[in-house]
Every structure is written in C-alpha cells, then in structure tokens.
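The values are calculated or read from the model by the stated rules, or taken from the named source; none is laboratory data. Keep in mind it's a predicted model, so treat the numbers as computed, not measured. A quick note on method: Cβ atoms are made from the backbone with ideal geometry, for glycine too, and the neighbour counts reach across all protein chains shown.
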Amino acid sequence: MSHVNNNKLTKHYWVWPIAWYLFLGGLGGGTLTLSGIFDFAFRNGIIDLGTGPLPEVGSVFALAVLIGVAALGIGSFLLVFELGQPFVFLRVFLSSTAIIKYGACLLVLAMGFGFVYFLFFLPPEWNLFYYSWTWIRDICCALMIIFGLGIMVYTGVLLSSMKSKPFWNTPALPVLFTVSALSTASALMALTAGIWPGSTFGLEREVQHFLVENLHVIDSVLVIGEIVVLLVYVLLQYGAGNVTARAVATKWLRGSFAVPFWGGMLLAALLIPFLSYMAGGVMATHVAPVLVLAGGLLLRFMIVYSDARRAIPGEERYWSRVPKGDEKFLTAWK
C-alpha cells in the first residue's frame, strides 16, 4: 500500500467536536435517565427507606438535570458546527432515512422535558408550577428515562452503523457507550447532589448521604461492567478477520494508543475509581467521580480517532499506480 493510500484511509474526517458531542450526549442522556428513575421510584414509594415516599427526593439531583440539559444543548451545537453548514441543520428533521434525524429528535425532546422537570425545583418564590402537579413530574420522569436511554444508545449506533469504519462497525460499541454514559452520569449526580436548588428544599442530610452512597455503589458496578465490555470490545476487534479493525486494535493494545488505553482508561479512569469507591472517604466523594468523567471523555476521543477506513475494492491498486512525484517521466523533458 502506498504512502498516499495510507493517508487517504487514515485521514480523520470527524475530530474533537464529535468526541465532545458523544461525551456530552451520553452524559446528558444518562443523567436524565437516572434522575428520572430515582425521582419516580422514591417519590412513589417503589423504593422505601422506611420513611415512606419522599416527595422532594428529585430536588437532590435537580442541578445534575440542569447540567445534563445544558450538556445536550452544547453537544448539539458542536454537532451542528461540525457539519460545516450550521444554517441548514433544519434539513436533518426533513430527512426520512438519515439516522442522524432520530438523534436530533431525541435530543430536542429530552432537552425540552428535562428543562420542564427542572422548573419544578426552582425556589418556591421563583417556581412557575404548583408543587401538587405531580402528574406532570411523572410524565417528565417517564419521558426523560425513555429519551435519555435512546440518546445513550444512539451515540453508539451513530458510529457503529458506518460499515466503512471496521473498528466502529460492531454492536458492542452501543453497549460500551451506554454503560460509560450511565457511569459518567452517576459520577455527575454524586458530585452535585444536594447543591442548589436542592438545598432550598430542606431534605435531611442523612437521606442525601444515603442517595449518594447508592450512586457510588451503582457506579462501582458500572465501572466493572465497563472494564469487561471495553476489554471484550478491543480484544474481539484484535481477533477479527478484518485487517483494518485488527490494525486499530493493535494500536490500542501495544501501539500509539497503548498508554492512554492501559494507563488512562483502564487504570486511572476505571480501576482507581473502583478502588476509591470501595475505600470510601474523600477519594470516593470527590476523586473517583472526577476520574470517571475524565475517562468518559478520553474514551470518546480514542474511539473517534480510531476511524481508519476500509479500502474499497480496487482502491489500493489505484493509489499504487498514482504518481508519487519522483517518477523519471515527470522530469524527462527538462
């Protein structure tokens, strides 16, 4: 394969805005999903701490929901910006076949219902809703769960649907992105639990502490799951029959991506947070969630920049015959 051909097959057409979009989309979708589950389950007594239903349990994660909605908005802006023609993005909604249309609809709906949900937790003197309108909160919770889950899966489907990118083109990628999104969402919710506007609702500190501890347990399980899925994903690609997928996986295992993969992802972003959650204390409260969030972003960057393209039939032969610029016939008449 010629040098020119190598450049053509490994050129990065999607770069850092897409990596940020995938991270922010997964973070926002996971936060809306988990917040909706926590609020609906505890407020309706599906999960009981021995004190009966907790009407204001959703206030503990209200700031996380607002950050999740903002993350979806910023991610959407980055996606539109990366398209190169931001002023024609409305055409996405008119397409009947483009997979990006479904993602755009999910993003708009999730942001809308997530923001309405957040309005319920503004301080009483600011609030636009009657607190007794719990049926609206139930609807928002249900739709946040559905649309948030859809966004998490979609971020992986968007890449895995590209058959020309062998390292992406696997059903394991949506699973990996979903587990990672839920993990980063748990970390965000644990970091922001009880902060304004939740602090204005007077929920007992013991209840908040219990909820945060449960989030640490959930994230511990998700971190172990992510380690398993990540290793299976890379090793399956390494053993794949496709030459391009194997070459990219080799780069992850012992090539230029080996240090970010082994040292950044597996050690710093997954194993250390898991051990920190087990140890408790400041490491579990502050350090582990930050490392999990950083690891989620690192994973998206590594995936996006692993976009080596499969050569189409005859392409390698074509580029091998293209003049490189040093052929004798190009200067024979001088």
Phe261 vs. criteria without any contact (Cβ under 8 Å) to a residue 60 or more places away in the chain, under 19 Å from Arg300 (Cβ atoms) and out of contact with any Gly (no Cβ under 6 Å at 6 or more places or on another chain):
yes
Which members of the range 255-275 meet the condition of being more than 21 Å from the chain's Cα centre (by Cα) and modelled with pLDDT of 95 or more?
Ala258, Val259, Leu275
Name the residues in the range 161-177 that are over 20 Å from Leu78 (Cα atoms) and either outside any loop (DSSP other than H, G, I, E, B) or hydroxyl-bearing (Ser, Thr, Tyr) (or both), would you?
Ser161, Ser164, Thr170, Ala172, Leu173, Pro174, Val175, Leu176
So the check is Cβ under 9 Å with 6+ separation or different chains; which pairs have a first residue in the range 120-147 that's part of a helix (DSSP H, G or I) and at pLDDT below 70 and a second one that's loosely packed, with under 11 Cβ neighbours inside 10 Å and aliphatic (A, V, I, L, M)?
none
Is it the case that Pro166 is out of contact with any Lys or Arg (no Cβ under 8 Å at 6 or more places or on another chain) and not hydrophobic (A, V, I, L, M, F, W, C)?
no
Search the range 55-95 for residues being modelled with pLDDT of 65 or more and part of a loop (DSSP other than H, G, I, E, B), and hand back the single one that is nearest to the chain's Cα centre (by Cα).
Leu83
Residue pairs meeting the criteria (Cβ under 9 Å; at least 6 apart or on separate chains; first in contact (Cβ under 8 Å) with a residue 24 or more places away in the chain and surrounded by 14 or more Cβ atoms within 10 Å (Cβ to Cβ), in the range 270-282; second hydroxyl-bearing (Ser, Thr, Tyr) and assigned to a helix (DSSP H, G or I)):
Leu270/Ser183; Pro273/Ser183; Pro273/Ser220; Phe274/Ser220; Tyr277/Ser220
